[in-house]
Amino acid sequence: MRVVFGSSGRLGSAFVRQSTERGSAMLMIPWARAKTAESIPDRPCDIVFAGGLTDPKLPESEIQKANLEFPLDIIERTRSRPGTRYLTLGTILERFPEACSSNPYLKSKLELGRAISSLAAESLNNGRFLHIRLHTLYGGVIQRHMFLGQLATAIEKDTEFKMSAGTQLREYHHVDDIAVALDHILARAWQTSEIDLNSGEAVRLAEVAKAVFESFGKTHLLRIGALPTPAGENIDRVFERSSGFFLPVSRRPIPGIIEWLRRNLRQA
């Protein structure tokens, strides 16, 4: 059985849909009942923490509670149950500690990854703990606080969009592709306690912005270089593509982003 916290989010819902279609038994636990471990069946299961808070402008205490303290509390309360495995989700930006230091969301994921690594070491890496670092996701509901969401808002409202020089490198993955990857990973024994899910198709933020605004005929709104580039960002590292075992499918980022936005945008 797979027990999912955060099943109503865009990745969580995509993962539940994918797992259900492939015949996995699922138990989705809403946040209202997620305060204690009693809601988790007392038998071997895979516990997936698919939710959390991603907006760094929220109070840091709330971010820490949702992204770090909650999963660690559930793990502590249930880890004595034989056969139970734990899958947590992080961000590839954990590989850039300087970027994490000033961002409460990134900081919470960095600390979670380190905690899972410690738990795995304590358990002699017995295949019960896995932390997966994800790149930037798109698909599902537009997240207005994220870069693509800010682009979308500017296009909808026909307002100027100011950004940095856009030299930052990003991989963009559709939530449905990551849902397939998670399903594959959970269907097998774990030989490691951490995985980076990479497509190897990095794009610069300026490329993304130019392509999106051009596709909507609104390049006149784009102001590249109007803002400073945040410290510690990835501007030169392209990650090697993960094996097909971990990432079976991965659509091209810019065409995928444009298609998704066209389906979801309400233009002014």
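Condition first: among the small types (Gly, Ala, Ser) and outside any loop (DSSP other than H, G, I, E, B). Now tell me which residues in region 83-93 satisfy that.
Start the filter on region 83-93 by keeping residues that are among the small types (Gly, Ala, Ser), which leaves 83, 90.
Within region 83-93, GLY90 is the sole residue that qualifies.
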Report task. From (1) out of contact with any Gly (no Cβ under 8 Å at 6 or more places or on another chain); (2) closer than 23 Å to ARG188 by Cβ; (3) small (Gly, Ala, Ser), pick out the condition that doesn't hold for SER118. Result -> (2)
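Yes/no matrix, rows are residues, columns are (1) crowded, with 19+ Cβ neighbours inside 10 Å; (2) farther than 21 Å from GLY113 by Cα; (3) touching a Pro at 6+ places or on another chain (Cβ under 6 Å):
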| site | (1), (2), (3) |
| --- | --- |
| SER8 | no, yes, no |
| ALA14 | yes, yes, no |
| VAL48 | yes, no, no |
| ILE63 | yes, no, yes |
Query - Residue check, ARG133 in contact (Cβ under 8 Å) with a residue 40 or more places away in the chain, touching an Asp or Glu at 6+ places or on another chain (Cβ under 7 Å) and either within 16 Å of VAL4 (Cα to Cα) or of a type in the set (Phe, Trp, Tyr) (or both) - result: no
**Report entry** Condition broken by ASP42, with the remaining ones in (1) part of a loop (DSSP other than H, G, I, E, B); (2) at pLDDT 95 or above satisfied
**Finding:** (2)
Query - Filtered residues of region 239-261 (kept if surrounded by 12 or more Cβ atoms within 10 Å (Cβ to Cβ) and part of a helix (DSSP H, G or I)) - result: PRO253, ILE254, GLY256, ILE257, ILE258, GLU259, TRP260, LEU261
Report task. Note down all Cβ pairs under 8 Å where the first residue falls in region 83-101 and is of a type in the set (Asp, Glu), the second is in a helix (DSSP H, G or I), and they're at least six residues apart or on different chains. Result -> GLU94/CYS100; GLU94/LEU106; GLU94/LYS109; GLU94/LEU110; GLU94/GLY113
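Would you be able to say whether some residue in region 10-32 is aliphatic (A, V, I, L, M), outside any loop (DSSP other than H, G, I, E, B) and free of Cβ contacts under 8 Å to residues at least 12 places away in the same chain? Explain how you work it out, then say what you get.
Of the residues in region 10-32, the ones aliphatic (A, V, I, L, M) are 11, 14, 16, 25-29, 32.
From what is left, the residues that are outside any loop (DSSP other than H, G, I, E, B) are 11, 14, 16, 26-29, 32.
Narrowing further to those that are free of Cβ contacts under 8 Å to residues at least 12 places away in the same chain: 32.
The answer is yes; a qualifying residue exists.
For THR84, state whether it is of a type in the set (S, T, N, Q) and within 21 Å of SER24 (Cα to Cα).
Values: of a type in the set (S, T, N, Q): yes; within 21 Å of SER24 (Cα to Cα): yes.
It is true that THR84 is of a type in the set (S, T, N, Q) and within 21 Å of SER24 (Cα to Cα).
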**Report entry** Residue check, THR153 polar (S, T, N, Q) and either within 15 Å of the chain's Cα centre (by Cα) or over 24 Å from VAL4 (Cβ atoms) (or both)
**Finding:** yes
**Report entry** Scope region 165-194; condition assigned to a loop (DSSP other than H, G, I, E, B) and within 18 Å of GLY113 (Cα to Cα); matching residues
**Finding:** TRP190, GLN191, THR192, SER193
Query - Output for region 241-268, where each listed residue is more than 18 Å from the chain's Cα centre (by Cα) and more than 21 Å from PHE216 (Cα to Cα) - result: SER243, GLY244, PHE245
Query raised in the report: Across region 54-75, what is the number of residues that are in a loop (DSSP other than H, G, I, E, B) and either touching a Leu at 6+ places or on another chain (Cβ under 6 Å) or in contact (Cβ under 8 Å) with a residue 40 or more places away in the chain (or both)?
Result: 5
Query raised in the report: If you go through region 217-238 one residue at a time, how many are of a type in the set (Ser, Thr, Tyr) and surrounded by 15 or more Cβ atoms within 10 Å (Cβ to Cβ)?
Result: 1
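The values are calculated or read from the model by the stated rules, or taken from the named source; none is laboratory data. Quick caveat: nothing in here was measured; it's all calculated off a predicted structure. Ideal geometry is used to build each Cβ from the backbone, glycine not excepted, and the neighbour counts take in all protein chains shown.
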